[in-house]
Amino acid sequence: MSSNMNTRNTKVMNRLDVTSRLIAKLKHEEAVIGGIGNTNFDLWAAGHRPQNFYMLGSMGLAFPIALGVALAQPDRRVFALEGDGSLLMQLGALSTIAALKPKNLIMIVMDNGIYQITGAQPTPAANVADIVAIATGSGLANSAWAADEEDFERLVEEAMSASEPSLIAVRIDDKPGVGATRRDPVQIRERFMHGLGVREPL
Amino acid sequence: MAIAEQHTSSEAAQTSSDKSWHGIVLQTLKRNEISLVPYVPDRVLTPLIKNLHADPFFTTFATAREEEAVGIVSGAWMGGRRAAVLMQTSGFATLANVLASLAVPYQIPLIMFVSERGTLGEFNYGQSLVCRTMRPVLDSLALEHHTITRLDELEFIADRSIKQAVTTQAPVALILNPLLTGGKVFDK
């Protein structure tokens, strides 16, 4: 694979910009799971939607949570936004997803090579590991780096009609998240369930 | 007469098989519409896992870590599908963070079946130590948990606990003690 070269050629994008581009494409009440920290702060900043779920802890579980939603609602597309540091905590989840092959699951990795929120320390993977190569090696053949914003949008379009799970990795800058998710876990969960049509409000 | 006896004893064997601890757990899951069962395997859980795989009602699969399975069942619950996690004591010991940051604060009815190692004949010192951390962690979060030791109490405890977890939107741990399952003994 030429993913190393692709990584080097990849434009460094911005998390909020990329997240906003994704949200603008969602027309069918797709679910979006936002990983811990900056990832869900920018999901919040991109504009709250009832089908968004914001994580306030459990670092690394955005993909597993999204997998659960995807298995519960196979007719709904489910996106998961995760940081590279978070993903490193739960690499095994990639193989679980590859084995189950939920075609409605789309994983997006925001890779800045740092733990931005804790003081921008480099991750152990920075400069040595390739997220897309890891994903491909874990069995997720439909994994790719987004070369730039337009390529990201093209990959999202492709993923939305794919017959297998997709992973899109995006190199992002070191900017912090813009929004501040309201830290109300019960309301986040309840609103999400309303958004997915599982429950009606009281 | 001999044939009749044989027939009776064969029926008894069938009944006894359905009334095994793992048969009761499987039927209780099914009766409560729990169809998604991710697990990290354990020797004692093997017959249950095998039978879950053999039953098309269930979607059951291994995960790489127990907290991954907790994430999956949490997502499934929010998407309207009931699920439960199977694990061993040592796997439960990896869950404090996800219990405290996902299952409890988001009010997820996380149903956990924990095969208990580390007691009643444990041969691995590390297993006996990790077992001692389980109930203090559960108690520190005030989580409902039951240690099941008797076959005749299993169905009642499991069925009622699942219903309570769902209706109160709170996690529950059902600890399958060696008195119930036979446990794992030094065999090599």
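Computed from the coordinates by the stated procedures, all read-outs in this text should not be read as laboratory data. The model shown is predicted, which means the values in this text are computed figures rather than measured ones. Note that each Cβ is placed from the backbone with ideal geometry, even for glycine, and that neighbours are counted across all protein chains shown.
Once you divide the Cα radius of gyration of segment B:91-149 by 2.2 N^0.38 Å, the number left is 1.19.
For B:ASP55 and B:GLN107, a Förster radius of 30 Å and the Cβ-Cβ distance give a FRET efficiency of 0.55, rounded to the nearest 0.05. To the nearest ten degrees, helix A:62-72 and the longest principal axis of the Cα atoms of chain A are 50 degrees apart.
With a Förster radius of 22 Å applied to the beta-carbon distance between B:GLN27 and B:THR119, the computed FRET efficiency rounds to 0.25.
Max-minus-min Cα coordinates of chain B on each principal axis give 63, 41, 27 Å, with the largest extent listed first. GNM on chain A, alpha-carbon springs under 10 angstrom: the most fluctuating residue among A:GLY119, A:GLY139, A:GLY37 is A:GLY119. Each Cα pair under 8 Å and six or more residues apart adds its separation to the average, and for chain A the resulting relative contact order is 29 percent.
Fewest-first ordering of A:MET110, A:MET55, A:MET160 by other beta carbons within 10 Å of each residue's beta carbon gives A:MET160, A:MET110, A:MET55.
Only helical runs count toward this figure. For chain A, summing -39,500 (n - 2.57) over DSSP H runs of n ≥ 4 and dividing by all residues gives -11500 deg cm²/dmol at 222 nm. Across B:GLU153, B:GLU122, B:GLU68, mean-square fluctuation computed from a Gaussian network of chain B (C-alpha pairs under 10 Å connected) peaks at B:GLU153. Judged by the gyration tensor of its Cα atoms, with axes a ≥ b ≥ c, segment A:79-181 is prolate; a/c meets the 1.5 cut and a/b is the larger of a/b and b/c. With r defined as the distance between the Cβ atoms of B:GLU144 and B:LEU179 and R0 fixed at 30 Å, what FRET efficiency is calculated, to the nearest 0.05? Calculated value: 0.90.
What is the distance, in nm, between label points placed 7 Å from the Cα along the Cα-to-Cβ direction at B:ASP159 and at A:GLN121? Between B:ASP159 and A:GLN121, the simple spin-label model gives 5.2 nm.
For the residues of B:100-112, the average number of beta carbons from a partner chain within 10 Å of their own beta carbon is 4. Model label points for A:GLU164 and A:ALA129, set 7 angstrom from Cα along the Cα-to-Cβ axis, are 2.2 nm apart. Output the antiparallel fraction of DSSP beta bridges having both residues in the protein assembly as shown, as a percent to the nearest 5. Among the beta bridges of the protein assembly as shown, antiparallel pairing accounts for roughly 5 percent.
Of the two radii for segment A:1-127, the radius of gyration is 0.95 times the Kirkwood radius, both from the alpha carbons; that is the Rg over Rh value. Put simply, the convex hull of the Cα atoms in segment A:156-202 casts, on average, a shadow of 5.9 nm². The helix-based estimate of mean residue ellipticity at 222 nm for chain B, built from -39,500 (n - 2.57) per DSSP H run of four or more residues and divided by its residue count, is -15000 deg cm²/dmol to the nearest 500.
For segment A:128-190, the calculated P(r), taken from all Cα-Cα distances in 10 Å bins from zero up to the bin holding the longest distance, is 18, 33, 29, 19, 0 percent. Comparing Cα centroids, segment A:88-155 and segment B:124-139 end up 35 angstrom apart. Using a Gaussian network model on chain A with a 10 Å cutoff between Cα atoms, which of A:LYS27, A:LYS11, A:LYS103 fluctuates the most? With Cα springs under 10 Å in chain A, the top fluctuation among A:LYS27, A:LYS11, A:LYS103 is at A:LYS27.
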